[in-house]
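The structure under discussion appears below in the form of structure tokens.
The values are calculated or read from the model by the stated rules, or taken from the named source; none is laboratory data. Bear in mind the structure is a predicted one, so any value in this text is a computation, not a measurement. Reconstructed Cβ throughout: ideal geometry from the backbone, glycine too, with neighbour counts over all protein chains shown. Quick note on the areas: whole protein, heavy atoms, side chains included, nothing else; ligands and nucleic acids left out. Shrake-Rupley method; radii C 1.70, N 1.55, O 1.52, S 1.80 Å.
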Amino acid sequence: MPYKHSIVFGPILSRRLGFSLGVDIIPMKTCSLDCAYCECGKTTSHTNKREEYVSIKQVIYELDEFLNEDPPHIDVITLSGSGEPTLNSGVEKIISHIKTKYPQYKVALLTNAVLLTEKSVRKEILNADFVLPSVDAIFESSFQKINRPVSGVSVNFVLDGLREFVKIYNGILWVEYFVVPKINDSEAELTGFKKYFEEIKPARIQLNSLDRPPAFNWVKSASIERLLEIQNYFSPLPVEIISRNFKISTEKKVATSIKENILKTVSRRPITIEDIAAVFGHSINEIQEICRQLEECNEIEKYILNGQIYFKVKL
């Protein structure tokens, strides 16, 4: 069962990182941006000032308490949560503690990239195995509309900081681009994105779009078709679509395809669940669920022969 303390939470199954143990080192909605799409709501403490917002001693105490008590499977420990983690002036100490005491775990940092303009911050996060910055705009007008930065922060300020960071970072960089239709997906801006991504060479470019209630209601979801167009436009760069709406749509299409193939197969001869799973390369649990759905629709039926369950087309 996921563990929830005041700072450490999870592990939860992340779309991007697998089973992730979260570490929230910033008070709720303390951030240098006030992104219109943010699922955590509007920023209440709009700041670019670094402080030890959450006690490093308390962070380390909760981590040790959890990790020393036979924890469940964890793929990565992620500094994330409800604010911008690099605002915490102790971020380097936290990363160092995890890497020194728990080297079996990877460390990930989710960031809006604003503070990467500071040389000290770039240095502090170098030991993270994964750094996942957000880059949502190339043009200043898009940046101001979508990301709503604290006073004094411009889009070029952010883009330049990330440029400097990739020059010295040897870990894995995945950049998230949150698509807001008709705001940051014009042909001109896409051209700028592609040129920028070719320059900084992230290991992955992750396209996301609205699938939860945003901070501002004018934000709309990008269609699956639009996300695919953008993915194709960025080719041959390493682009994946991580929007939940796209994942759900893909899963439905895969399930539909499997159903059709099962029906074609059992129309020729009876077959077992184990045989179906082997033929189509899916788990037995997945195939059992799909066969159950087909049975409920009266499209197939099962019978037992020599103690083995077979499926055939229902006549």
Query raised in the report: Which of (i) 5, 20, 25, 18, 12, 9, 6, 3, 1, 0, 0; (ii) 6, 23, 31, 23, 11, 4, 1, 0; (iii) 5, 23, 27, 20, 14, 8, 3, 0 is the computed P(r) over Cα pairs in 10 Å bins from 0, in percent for the structure on display?
Result: (iii)
Query raised in the report: Which of ILE183, GLN104, HIS46 sits farthest toward the positive end of the charge dipole of the chain, with +1 on the Cβ of Lys and Arg and -1 on the Cβ of Asp and Glu?
Result: ILE183
Report summary line: Bridge orientation stat for the chain from DSSP, antiparallel percent rounded to 5, came to 35
Requested in this report: Could you please state how large a percent of the accessible area of the chain is carbon and sulfur, counting protein chains only and using a 1.4 Å probe?
Outcome: 52
Query raised in the report: How much accessible area does ASP160 have with a 1.4 Å probe, in Å² rounded to the nearest 10?
Result: 80
Query raised in the report: Under unit Cβ charges (Lys, Arg +1; Asp, Glu -1), what dipole magnitude, rounded to 20 debye, does the stretch 1-86 have relative to its Cα centre?
Result: 380
Requested in this report: Go ahead and set up a Gaussian network model of the chain, Cα springs under 10 Å, then flag whichever of GLU240, GLU289, GLU198 fluctuates most.
Outcome: GLU289
Query raised in the report: Hey, rough spin-label estimate for ILE168 and SER235, points 7 angstrom out along Cα→Cβ, what's it come to in nanometres?
Result: 3.8
Query raised in the report: Ignoring ligands, DNA and RNA, what accessible area per residue does the chain give at 1.4 Å, in Å²?
Result: 50
**Report entry** the chain - Cys residues lacking any other Cys C-beta under 4.7 Å
**Finding:** CYS31, CYS40, CYS291, CYS297
Query - Inter-label distance for ILE284 and CYS40, nm, one decimal - labels placed 7 Å from Cα along Cα-to-Cβ - result: 4.3
Query raised in the report: What are the ³J(HN,Hα) values, in whole Hz, obtained from phi via the Karplus relation 6.51 cos²θ - 1.76 cosθ + 1.60 with θ = phi - 60°, for each residue of the stretch 123-129 in sequence order, with x given for Gly and Pro?
Result: 5, 5, 9, 4, 7, 5, 5
Query raised in the report: What angle do you read, to the nearest 10 degrees and between 0 and 90, between the alpha-carbon axis of helix 155-168 and the longest principal axis of the chain?
Result: 80
Query raised in the report: How far, in degrees from 0 to 90, does helix 91-101 lean away from the longest principal axis of the Cα atoms of the chain, to the nearest 10?
Result: 50
Query raised in the report: To the nearest 10 degrees, how steeply does helix 56-67 sit against the main Cα axis of the chain, on a 0 to 90 scale?
Result: 20
